[in-house]
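Let me begin by presenting the structure, written as C-alpha cells, before commenting on it.
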Amino acid sequence: MGEHLNPEFLKVNPAGMVPALRDGDFLLAKSRKYQTEAHWYPPELQAHTRVDECPAWQHTATQQPATNIHLCKCLLPHFSQQPMDATQVEQLLGKLTPALGHLDQELLAARPFLASGQVSLEDLMAFTELMQPSPVGCNLFRDWPQLAAWWARVEAALGPELVQKAHRHVLQSQDPQEAQWDPQMAQKLAQLVKEQLR
C-alpha cells in the first residue's frame, strides 16, 4: 500500500505517479511502456476510435460526480465535523444519472463492453470511476441492469483477485474517523473538498 510514495520510487517520479520507467540511468516520470494500444484497444478502427472518444466526456460525466459523491459522503463530514448533506449527495447522484443512462441504454444496449465486444481501456476507466461511490454505500447499478451486467463482465475479464488488489484503496477506504488529523489540516482539507464540490 502506497509503494509509489516510498523514497526509492520518488527518485524515479517525484510526483509519486505511475507508470514510470527506469532504464539504467534513464528516468521517465510518465511512461507508456505498457503498450496500451496493443492490449487495451480493440483492433477494429471504429471501436478503437470509440475508446479515444471516451476521455472527452468521461472525466466530467462520470469521474467528477462519482469522486464527489465519495468526498461528500466520506471525507467532508469528517473534516468539517458536520453531518453529511443528504441533499447534496442526491444532487451529485443526479449529475451522474444521465451518464449512467447513456452507458446502460445506449452503449451497452449495442455491445457487451463500452467500445466493442471485448474489454478495452474505456471499460477500465469507467470501471474505476464508477467504483468510487460503492464503499460509501451508493449502489449505482440498482436501476441499470445492463450496466450491472457490464460490471460483472469487466470484473470477470480482469479477474476478481486483480480487481480487489488494484482497487484496494478505494474498496477498503479507511474510515476518516480512524485517522489522526491535525485540526488545522482538517480545516484546510474541508475547505478544499467544499471547493471541489461546487
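The values are calculated or read from the model by the stated rules, or taken from the named source; none is laboratory data. Because the structure is predicted, anything quoted here is derived from the model rather than measured. Because the Cβ atoms are built from the backbone with ideal geometry, glycine has one as well, and the counts that use them run over all protein chains shown.
Observations, loosely collected:
- Matching residues in region 2-16 - criterion: being touching a helix residue (DSSP H, G or I) at 6+ places or on another chain (Cβ under 7 Å) and surrounded by fewer than 14 Cβ atoms within 10 Å (Cβ to Cβ): GLU3
- Taken over region 74-100, the criterion of being in contact with a Pro (Cβ under 9 Å, 6 or more places away or on another chain), closer than 21 Å to GLN184 by Cα and either in a helix (DSSP H, G or I) or polar (S, T, N, Q) (or both) is satisfied by CYS74, LEU75, PRO77, HIS78, PHE79.
- Residue match in region 136-150 (condition: closer than 26 Å to LEU189 by Cα, modelled with pLDDT under 85 and assigned to a loop (DSSP other than H, G, I, E, B)): yes
- THR97 being surrounded by fewer than 19 Cβ atoms within 10 Å (Cβ to Cβ), under 14 Å from ALA61 (Cα atoms) and modelled with pLDDT under 90: no
- Per-region count, region 167-181, residues modelled with pLDDT under 75, in a helix (DSSP H, G or I) and within 22 Å of the chain's Cα centre (by Cα): 4
- Scanning region 42-62 for residues that are assigned to a helix (DSSP H, G or I) and touching a His at 6+ places or on another chain (Cβ under 8 Å) yields a total of 1.
- Criterion (outside the structural domain of LEU76 (by TED's automatic domain parsing), in a helix (DSSP H, G or I) and modelled with pLDDT of 75 or more) met by exactly one of GLN184, GLN196, GLN164: GLN184
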